[in-house]
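See structure below.
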Amino acid sequence: MLTLKSVPSFISKNKKLGRFRDLVSMESKVYFHYNHTDSCSSARWTARESFQFMYERSWQDVVHFYSNVVNARFNLSTLFGNAAQTCIDVDDDSKPLEVCDERGGRWERVTFKIILSYSGGAFDGWQKQPGLNTVQEIVERSLGRFVDEKKAQLLKEKSKPLEGCAVVAGRTDKGVSAIWQVCSFYTWRKDVKPCDIEDAINTMAPGKLRVVSVSEVSRVFHPNFSAKWRRYLYIFPLNDQEIETQNCENEKEFENFSSDRNYKEPRNGCVKISSCENVENLTISNNKGLDAANKPTSFSVCRVNQLLQKLEGKLLSYKMFARDTKASRNIGPPTECFMYHARAAEARIPCSDHGEGRKVMCVELVANRFLRKMVRVIVATSIREAAAGAEEVALLKLMEATCRRATAPPAPPDGLCLVDVGYAEFDPQNCLIP
C-alpha cells in the first residue's frame with residue numbers, strides 16, 4: 001500500500017525502471033515488416049532499404065531545375081525535348097464575372113484568382129505554422145494592405161497582424177515545389193487592381209516565389225472546390241547503374257517476365273513461395289542490418305510505367321498510399337480518387353556536370369484529388385515493385401491491404417512538383433508524358 005511518504009521513492013524507482021527498459025529495447029529493437037506472399041517477396045525491399053535507395057542519390061540537380069522553372073528560365077518542355085509542349089500555357093478556366101449591382105453581402109466583394117510559382121526548397125510548405133517560413137504566411141502578409149477597413153479594424157482590436165486570407169487549391173508539404181498553384185483572395189475594396197497584388201507578392205521573396213498571373217474572377221470561384229483535377233510531376237534522378245539498366249532492358253523482356261508464372265530460375269532474387277498466410281499479417285524481425293542479399297539494386301523505368309498505367313481510368317481507394325491520415329474514415333472526405341493519367345518516362349534535366357543533361361525518370365500523375373503524401377508513396381512503391389519484378393497489377397493488389405506497411409515509405413519531397421490545377425474537364429491529349 002502506498003502512503004504519501006512512499007510516493008516519491010516509488011516514482012523514482014519507476015523512472016529508473018523505465019530508463020532500463022528503454023536501454024533494453026534499444027539493444028533488441030524489433031522491426032515489423034509486411035508479410036508479402038507473392039513470388040517476389042524475397043526480392044522486395046524493406047522499408048529501411050527502400051528509404052535508403054530513395055535518399056542516397058543527388059537531389060540537388062532536381063531542386064536547381066525546379067528553381068529555374070519557377071523563375072521562368074526553363075519550362076517543363078525542356079525535359080522531353082523541343083517536340084514536347086508545356087501543358088499549362090493556356091488558362092482555360094476563365095469565366096464571365098457574375099456581377100449584380102442589386103445584390104448585397106458577399107456579392108459586393110471582389111474575388112481575385114492568384115496563380116503562384118514557388119521553389120519548395122525555400123519554404124516549409126504552404127500551410128501557415130508558427131515559427132516556420134511558409135508560402136501562405138508570405139502571401140497573406142503581402143495581401144494585408146488590400147483588406148477593407150472593417151476587417152483591418154477587427155484585426156487591430158484582436159491584436160492580430162494585418163493579413164489577408166488566401167484560399168488554396170492544394171496544400172504542398174515542405175520541399176515540394178509548385179509551378180501553377182492556384183489561390184484566391186477577396187476584398188470589399190473597389191480600388192484594388194490585379195497588378196497591385198502581383199507587385200506586392202513578388203517583392204516578398206524574389207527568386208523563390210513568383211506570381212504568374214492575377215485576375216478578377218466570379219464570386220463563386222473556389223480554388224479547391226471548383227477544381228476538377230490536379231497534375232503532379234515527380235522527377236527521380238538516376239544513377240549510373242540505373243542508366244545502364246535502362247539501356248540493357250526493354251519492354252519485351254518485362255512482358256515475358258510478367259507472363260512467365262512457372263519459371264524455375266529466380267529473377268531479381270525472386271523465389272517462389274508456397275505460404276498460405278494471410279497477406280494482412282506482419283512478420284517480425286530484430287535484424288538491425290540491411291538484409292540486401294539477393295536484392296535488386298536497380299529498376300526499369302519501362303516497368304514503372306506499366307505498373308502506373310494500371311491505375312488509369314479507375315476510381316480506387318488510395319488509403320494504403322496515404323500518410324498522416326486515418327486509413328479508415330467514418331467522417332470526413334472519402335479516400336477514393338479517380339486517376340486520369342499515370343505515366344513514367346525517361347528524360348534529361350540541364351546539369352553543369354553532364355553535357356547532355358542528367359538522366360532522370362519523370363512520373364506524371366493526374367487525378368481529381370490526392371491524399372496526403374499520396375504521390376510520393378505511389379512513386380516509391382512503384383519503383384520498389386519494378387525492382388522486385390512484381391506483376392503489372394501489383395499496385396492494384398496493394399489497394400486491398402489493410403496495413404500501410406504494405407507500401408513503401410514516401411519518396412523525398414525534393415522531386416515533387418504541383419504542375420497545374422484544372423477547372424475544365426481533363427483532356428487526355430493535354431499531357432506531358434503521352
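Before moving on, here are some points about what is shown:
- Qualifying residue in segment 166-174 (condition: of a type in the set (S, T, N, Q) and under 23 Å from Val217 (Cα atoms)): no
- Note on segment 292-320: residues that are of a type outside the set (A, V, I, L, M) and assigned to a helix (DSSP H, G or I) amount to 6.
- Residue match in segment 142-162 (condition: part of a strand (DSSP E or B), modelled with pLDDT of 90 or more and of a type outside the set (D, E, K, R)): no
- Against the conditions (1) surrounded by fewer than 23 Cβ atoms within 10 Å (Cβ to Cβ); (2) under 16 Å from the mean Cα position of the chain (by Cα); (3) of a type in the set (A, V, I, L, M, F, W, C); (4) part of a loop (DSSP other than H, G, I, E, B), Ala411 satisfies every one except (1).
- Subset tally (residues that are touching a Ser or Thr at 6+ places or on another chain (Cβ under 9 Å), of a type outside the set (Gly, Ala, Ser) and not in a strand (DSSP E or B)) for segment 203-223: 8
- Segment 145-183: number of residues that are closer than 30 Å to Leu416 by Cα and more than 22 Å from the chain's Cα centre (by Cα): 3
- Ala205, sole failed condition from (1) out of contact with any Cys (no Cβ under 8 Å at 6 or more places or on another chain); (2) among the aliphatic types (A, V, I, L, M); (3) surrounded by fewer than 19 Cβ atoms within 10 Å (Cβ to Cβ); (4) closer than 21 Å to Thr111 by Cβ: (4)
- Assessment of segment 224-233 against the conditions (in contact with a helix residue (DSSP H, G or I) (Cβ under 6 Å, 6 or more places away or on another chain), at pLDDT 95 or above and either outside any helix (DSSP H, G or I) or open to solvent by less than 30 Å² (accessible area, probe 1.4 Å) (or both)) yields at least one matching residue.
- Scanning segment 387-400 for residues that are more than 12 Å from Ser50 (Cβ to Cβ) and not in a loop (DSSP other than H, G, I, E, B) turns up Ala394, Leu395, Leu396, Lys397, Leu398.
- Within segment 47-61, being in a helix (DSSP H, G or I) and over 17 Å from Thr381 (Cβ atoms) holds for Gln60, Asp61.
- Which listed residue is closer than 30 Å to Arg73 by Cα, at pLDDT 50 or above and touching a Gly at 6+ places or on another chain (Cβ under 8 Å), from Arg348, Arg358: Arg348
- Count of segment 173-191 residues which are part of a loop (DSSP other than H, G, I, E, B) and open to solvent by less than 10 Å² (accessible area, probe 1.4 Å): 1
The values are calculated or read from the model by the stated rules, or taken from the named source; none is laboratory data. All values derive from a computational prediction rather than experimental measurement. As a convention, Cβ positions derive from the backbone with ideal geometry for all residues, glycine included, and neighbour counts pool all protein chains shown. What goes into the accessible areas is simple: the full protein's heavy atoms, side chains included, and nothing from ligands, DNA or RNA. Shrake-Rupley method; radii C 1.70, N 1.55, O 1.52, S 1.80 Å.
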